[in-house]
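Remarks on the structure that follows.
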Amino acid sequence: MISIEALSVIMAAIAVSFGAIGPALAEGRAVASAMEAIARQPEAAGTISRTLFVGLAMIETMAIYCLVIALLLLFANPYVG
Amino acid sequence: MTGSPLDLSVAFSVGPVAVSEPVVITWGIIVFLGLGSWLLTRRMEARAGTGQAVLELVVGALDDQIRAAVGHDPARFRTLVGTLFLFILTANWSSLVPGIEPPTAHLETDAALAGIVFAATIWFGITSRGLGGYLRGFAEPSWVMLPLNLVEQITRTFSLMVRLFGNVMSGVFVVGIVLSLAGLLVPIPLMALDLLTGAVQAYIFATLALVFIASAVSDGRPTPPTGKETS
Amino acid sequence: MGFDWITLAFQAVNVLILLAILRHFLFRPVARIIAERQAAIARTLDEAEKARAAAAKAGEDARAEAERTAAARHDALARARAEAEAQAATILEAARDEAEKIKAAAREEARAEQRRAEAEQLARTGALALDLAERLMQSLPEDRRVAGYAARLAQVLASLPADRRRALFDSETPQLIAPRPLGPAEAAEVQAALAPYFATTPPVSVDPGLIAGLELRGRHGSIGNSLRHDLTRIAQVARNEG
């Protein structure tokens with residue numbers, strides 16, 4: 001029987017790693033689409049890149065949520081005595 | 001790595017009230033920004049100098065963004081959105097000063113900011129559409145959406161708070177970890193990334209606040225942030 | 001961890017204070033200065049527009065003035081030209097008159113000159129004729145110079161009316177002029193011719209200038225009955241005709 005501390009650490013690692021997969025794929029798709037759009041319409045590069053940054057930050061928020069969960073597990077675990 | 005990044009360290013206590021470190025740093029930021037703007041705007045002339053030109057550029061860009069999002073007079077929202085952006089930017093970049101932890105790396109500051117945005121959304125919605133109009137806005141496009149819209153108000157405020165907190169805190173955390181492993185030169189790229197993240201997060205926070213306010217002022221749908229000028 | 005509500009309240013108040021400070025020290029002045037500049041730009045544009053309008057008006061005025069000036073100059077020129085033409089016409093007229101006068105005078109003078117020349121010519125011709133006649137008579141026999149003239153004299157006297165004859169010679173006896181002293185036969189012939197008219201025989205005087213003939217000369221007139229008289233009359237008639 002593993003202790004609750006060890007489980008918390010393992011789960012934190014799992015949360016961060018799996019939580020990073022989805023945003024990574026999504027950011028890749030977003031950047032690729034933005035590049036295509038800029039290549040097609042170079043005059044709209046300013047608007048596209050600004051919207052891209054906002055979108056990337058939004059997507060990144062998902063990974064950040066996972067990170068927050070991991071940190072909660074590590075540092076603010078209510079089940080740890 | 002000394003302890004939890006979520007913990008608050010108390011700077012000093014006045015009687016039963018404990019004044020924490022982020023509050024003191026925020027005071028410092030207030031003094032810095034207030035003094036700086038007072039010095040810059042003390043002698044304003046029609047023939048702008050360099051500093052004044054930069055200020056006017058910033059305010060003009062801000063006005064353009066507000067106009068693009070809301071669609072009319074930017075004077076009403078300029079102060080709130082501009083203050084949010086400047087404060088978050090300064091707070092994020094205050095990590096450059098040795099020994100200072102950004103106040104935005106603590107959940108309380110972000111919660112205060114998100115709460116202010118939440119209150120401002122309600123305030124602007126009611127003042128521009130009336131109480132009935134604002135409340136009817138929750139039942140759009142149909143009354144089935146009413147619980148979802150109400151929940152959305154809470155969750156988007158919460159996500160605003162956690163987004164800023166997570167980004168800044170993770171930056172500070174990562175720099176702290178790297179600093180504990182290798183102290184010389186290695187954290188510099190991470191600190192540069194921190195600067196970029198801090199600026200982007202300040203921009204995103206201000207833009208999202210603007211979008212929320214714009215959706216409250218007009219009707220249901222939040223309009224995507226569009227601008228004509230290059231970033 | 002825990003959530004520190006006191007810090008939350010502090011931060012909320014802090015942000016609101018910062019909001020007020022930046023509103024007062026940053027956004028208001030910058031917005032005001034931007035508005036002021038825009039107003040100034042608008043004012044400047046208006047002024048520029050006004051100035052341009054004024055300049056356009058001034059140009060219009062100048063053009064109108066120039067046109068007026070040009071018209072006035074044109075008028076003055078036309079007037080001056082007309083005046084000059086009139087003056088030239090007057091002067092030409094005067095000159096033509098003058099020339100006409102001069103020409104007429106010249107013509108007159110030429111005619112007078114011609115007349116004088118003709119007269120002179122005639123006089124010379126008459127003189128020449130007299131000369132010729134005299135020479136001719138001198139070369140003729142002496143009696144030719146008187147013969148026949150007595151009869152002619154008598155004829156003339158007879159053709160004259162009595163009162164005229166009386167007026168010519170009055171009561172006194174006229175003088176008889178001959179080219180040479182008369183011979184006895186001639187004297188008798190003359191006497192016979194004059195006898196009906198004069199009581200006494202007129203005294204005879206000699207004048208070779210007569211060339212040939214017999215003349216009666218009284219106090220009031222004479223009867224020219226001689227070659228010289230004839231020639232002179234011919235010359236006179238010729239002069240009058242010429």
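The values are calculated or read from the model by the stated rules, or taken from the named source; none is laboratory data. Computed from a prediction, not measured in an experiment: that's the story for all the values here. Heads up, the Cβs are rebuilt from the backbone with ideal geometry, glycines too, and the neighbour counts pull from every protein chain shown. Side chains are part of the model used for accessible areas, which takes the heavy atoms of the whole protein and leaves out ligands, DNA and RNA. Shrake-Rupley method; radii C 1.70, N 1.55, O 1.52, S 1.80 Å.
Relative to the longest principal axis of the Cα atoms of chain C, the long axis of helix C:28-139 makes an angle of roughly 10 degrees. Taken along the Cα-to-beta-carbon direction at a fixed 7 Å, the label points for C:Arg68 and B:Arg42 span 6.1 nm. Overall, the ratio between the Cα radius of gyration of the protein assembly as shown and 2.2 N^0.38 Å, rounded to two decimals, is 3.06. Name the most mobile residue of C:Ala88, C:Ala150, C:Ala70, meaning the one with the largest mean-square fluctuation, in a Gaussian network model of chain C with Cα contacts below 10 Å. Between C:Ala88, C:Ala150, C:Ala70, it is C:Ala70 that shows the largest mean-square fluctuation. When B and A come together, around 1700 square angstrom of accessible surface is lost from both chains combined, probe 1.4 Å. Here the spin labels are modelled as points 7 Å beyond Cα on the Cα-Cβ line, and at A:Ser49 and B:Ala182 they lie 3.0 nm apart. For the pair C:His24 and A:Ile10, a Förster radius of 60 Å applied to the C-beta separation gives a FRET efficiency near 0.65, rounded to the nearest 0.05.
Against the main long axis of the alpha-carbon atoms of chain B, helix B:146-181 sits at an angle near 20°.
Remark: the protein assembly as shown carries 58 Å² of accessible area per residue (probe radius 1.4 Å; ligands, DNA and RNA excluded). The angle between the Cα long axis of helix B:50-70 and the longest principal axis of the Cα atoms of chain B comes to about 40 degrees, rounded to the nearest 10. Computed extension length for C:Ala95-C:Ala76: 4.1 nm, one decimal, from 0.36 nm per residue of separation with the Cα-Cα distance subtracted.
Rounded to the nearest 0.05, the FRET efficiency derived from the C-beta distance between B:Ile154 and C:Glu47 at R0 = 60 Å is 0.60.
Centre-to-centre separation between the Cα atoms of region B:115-148 and those of region C:37-65: 52 Å.
The portion of the accessible surface of region C:1-106 made up by carbon and sulfur, rounded to a whole percent, is 64 (1.4 Å probe; DNA, RNA and ligands excluded). Ranking of B:Met169, B:Met145, C:Met137 by solvent-accessible surface, largest first: B:Met145, C:Met137, B:Met169 (1.4 Å probe, protein heavy atoms only, all chains present).
Within the same chain, aspartates and glutamates fewer than 8 places from C:Lys101 are excluded, and of the rest, those with a Cα less than 15 Å from its Cα are C:Glu93, C:Glu109.
For region C:46-85, the equivalent ellipsoid derived from the Cα gyration tensor has semi-axes of 37, 4, 4 Å, listed largest first. Considering only C:Pro181, C:Ala151, C:His229, and ranking their Cα positions along the charge dipole of region C:140-241 that arises from unit charges at the beta-carbon of Lys, Arg, Asp and Glu, the one farthest toward the positive end is C:His229.
Scaled to the globular estimate 2.2 N^0.38 Å, the Cα spread of chain B, given as radius of gyration, is 1.14. Classify region C:1-106: rounded, prolate or oblate, from the alpha-carbon gyration tensor (a ≥ b ≥ c, eigenvalue square roots; a/c under 1.5 rounded; otherwise prolate if a/b is larger than b/c)? It is prolate, given that a/c is not under 1.5 and a/b is the larger ratio. The candidates C:Asp131, C:Asp46, B:Asp63, C:Asp4, arranged from most to least accessible area with a 1.4 Å probe in the full protein assembly, appear as C:Asp46, C:Asp131, C:Asp4, B:Asp63. If a spin label sat at a point 7 angstrom from the Cα of C:Asp131 along the line to its beta carbon, the backbone N atoms of region C:201-242 nearer than 20 Å would be those of C:208-212, C:227-236, C:238-239.
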